[in-house]
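Below is one structure, written out as structure tokens; comments come after it.
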Amino acid sequence: MRLSRFFLPLLKENPAEAQIVSHRLMLRTGMIRQEAAGIYAWLPLGLRVLKKIEKIVEEEMVRAGAIQLLMPTLQLADLWRESGRYEDYGQEMLRIKDRHEREMLYGPTNEEMVTEIFRGTVRSYKDLPLNLFHIQWKFRDEQRPRFGVMRGREFLMKDAYSFDVDEAAARKSYNRMFAAYLNLFSRMGLKAVPMRADTGPIGGDLSHEFIILADTGESAVFCHKDLVDMPAPGPDVDWDNLEGVFEARTSLYAATEEMHDEAAFAQVPADKQLSARGIEVGHIFYFGEKYSKPMKAVVNGPDGEITVHMGSYGVGVSRLLGAIIEASHDEAGIIWPESVAPFDVAIVNLRQGDEACDAACEKAYKALTAAGRDVLYHDTDERAGAKFAAMDLIGIPVQLIIGPKGLADGNVEIKHRATGERHTAAFDDVLNQLT
Ligand code: ATP
Ligand code: MG
Ligand code: MG
Ligand code: MG
């Protein structure tokens, strides 16, 4: 992408309405624009990151055995009457009527709909286990939408739903999602800690929230320090035997405010007690027959009808942009982890219009693009300082700096956003290294 042909409406000033750094930086870098309270347009830079996050989530779901589908955003109220949640959900639900006066709603979550799909299509216990997921916009009419995409009203969620013959099988499905979540957050450069959590309006008895520690987080959390740096199990874990992965993380104390138990926390050695604030980026539930029973989601088993056991598993895809920025920024702007950066490499032309500089930049741009790298070529005639500031602000991991002095000796400069480290190297070596 050439910056001169891209749409990157950077703000010069800090927007006054933003209270936390991620919101401020997302507005300043032109990633999002608010269209109504808690409702955002995703501008090109923001959309690129959103898509990368979505892709990681998708890949890790598929790796764990889940199958992707896409359910609509609008749902029938009658479906929610079957589970009893239509009345229960309260004001967070956006209720709509169509031209036939039929009551509808913009989905805040999809347990009812996926249960309806299941009961209409799956007949035999031999088709289980089954885990269906989608990545779809949700609407929750939050009382206090704030902090940008962190608490939006319209937001993108990955939600997966598992179906099993009994509780033991359902716990296996739960553990798969548990491990998949550890892996997917880790791929985004995040340290997410699973914590015992309240089940809220989703219902059920086994539940974990995945929490990113951050001072600006909305939840108070309490955990054993060792959980924070515990590495993710990785893709090659034994997906059929995950009890160990689950045990290692759940035997140490970790709970959100609603589930916090002072007495149990006091048992944690004093130097390992961590009480902090956190951002909820994912939430998994096992809730057994809560929906399958009233909605009659059953399969034929070897000895008759079985009411299926279900779980649901959410990831706040759009909230993750905010969470990653909260975890990774400095005074100059965002520091994107490579895996989710909107571009891999920025080419900074120090003297636009200089024949040698322009030619070298073009050569680098073509070579890197051909090698499959996402490249942003800063090709406007702004001065060098402004170019550096812009590329630091939007957080591109690597800057390839090309200027007349270096080029005279066949050299260019490489700058790493995360460390600030810069070094000079031969142009051809750099091209080989980056392609
Ligand atoms: P919160 O406690 O922040 O209100 P929740 O517990 O109501 O979230 P869940 O029903 O568990 O949310 O939904 C799954 C995930 O969707 C959450 O873990 C969170 O990452 C994300 N999410 C929920 N509400 C919002 C929102 N208003 N804006 C952005 N992401 C959200
Ligand atoms: Mg909520
Ligand atoms: Mg919550
Ligand atoms: Mg939750």
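The values are calculated or read from the model by the stated rules, or taken from the named source; none is laboratory data. Everything numeric in this text was worked out from a predicted model, so none of it was measured. Backbone-built Cβ (ideal geometry, glycine too); neighbour counts: all protein chains shown. When the accessible area is computed, the model is the full protein with side chains, heavy atoms only, and any ligands, DNA or RNA have been set aside. Shrake-Rupley method; radii C 1.70, N 1.55, O 1.52, S 1.80 Å.
Numbers below:
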| item | result |
| --- | --- |
| Label-to-label distance, nm, for residues given as Q433 and A16 (7 Å Cα→Cβ offset) | 4.6 nm |
| Solvent accessible area, Å² - E13, 1.4 Å probe, full protein context | 140 Å² |
| Stretch gain in nm, segment T424-V62, where the contour uses 0.36 nm per residue and the Cα spacing is subtracted | 126.1 nm |
| Efficiency of FRET between E101 and W137 - r from beta-carbon atoms, R0 22 angstrom, step 0.05 | 0.35 |
| Where labels lie 7 Å past Cα in the beta-carbon direction, separation of E92 and E257 in nm | 1.5 nm |
| F6-A41 FRET efficiency (beta carbon distance; Förster radius 22 Å; 0.05 resolution) | 0.85 |
| Semi-axes of the equivalent ellipsoid for segment 222-294, Cα gyration tensor, largest first, Å | 25, 20, 12 |
| Cross-link partners of K55 among lysines (Cα-Cα below 21 Å; sequence separation of 8 or more within a chain) | K138, K158, K191 |
| J(HN,Hα) series, segment 246-252, from Karplus relation 6.51 cos²θ - 1.76 cosθ + 1.60, nearest Hz, glycine and proline x | 5, 4, 4, 9, 9, 7, 8 |
| Size descriptor, Kirkwood hydrodynamic radius, that averages inverse alpha-carbon separations across the chain, Å | 23.7 Å |
| Furthest towards positive pole of dipole, S275, G120, I53, structure part the chain, Cβ charges | I53 |
| Whole-Hz couplings from phi, Karplus 6.51/-1.76/1.60, listed for segment 61-71; x for Gly and Pro | 5, 5, 4, 7, x, 7, 10, 8, 9, 9, 9 |
| Residue-averaged [θ]222 nm for the chain, counting only DSSP H segments that reach four residues, each worth -39500 (n - 2.57) | -9000 deg cm²/dmol |
| Nearest 10 degrees, 0 to 90: helix 384-394 Cα axis against the chain principal axis | 10 degrees |
| Spin-label model distance (nm) - R123 vs T73, 7 Å beyond Cα toward Cβ | 3.7 nm |
| Residue-wise HN-Hα coupling along segment 209-217, computed from phi with Karplus coefficients 6.51, -1.76, 1.60 (Hz; x: Gly, Pro) | 9, 9, 10, 9, 6, 6, 4, 8, x |
| Cross-link partners of K290 among aspartates and glutamates (Cα-Cα below 12 Å; sequence separation of 8 or more within a chain) | E82, E111, E112, D205 |
| Cα-based reach from K12 at 15 Å (exclusive), listing aspartates and glutamates while leaving out same-chain residues under 8 positions away | E331, E382, D392 |
| Dipole magnitude (debye, nearest 20) for the chain, charges at Cβ of Lys, Arg, Asp, Glu | 1020 debye |
| Value of relative contact order over the chain, rounded to a whole percent, pairs C-alpha under 8 Å and six or more apart | 16 percent |
| Debye, to nearest 20: dipole size of segment 302-352, +1 on Lys, Arg Cβ, -1 on Asp, Glu Cβ | 300 debye |
| Centre separation in Å (Cα based) which lies between segment 59-116 and segment 372-435 | 47 Å |
| Solvent-accessible heavy-atom area per residue, rounded to whole Å², over the chain at 1.4 Å | 45 Å² |
| Solvent-accessible area, 1.4 Å probe, carbon plus sulfur percent, for the chain | 48 percent |
| Rounded to the nearest 10 Å², the accessible area of L70 at probe 1.4 Å | 120 Å² |
| Principal axis dimensions, segment 282-411 - Cα atoms, whole angstrom, descending | 81, 33, 20 |
| In degrees, nearest ten, helix 355-370 long axis to first principal axis of the chain (Cα) | 30 degrees |
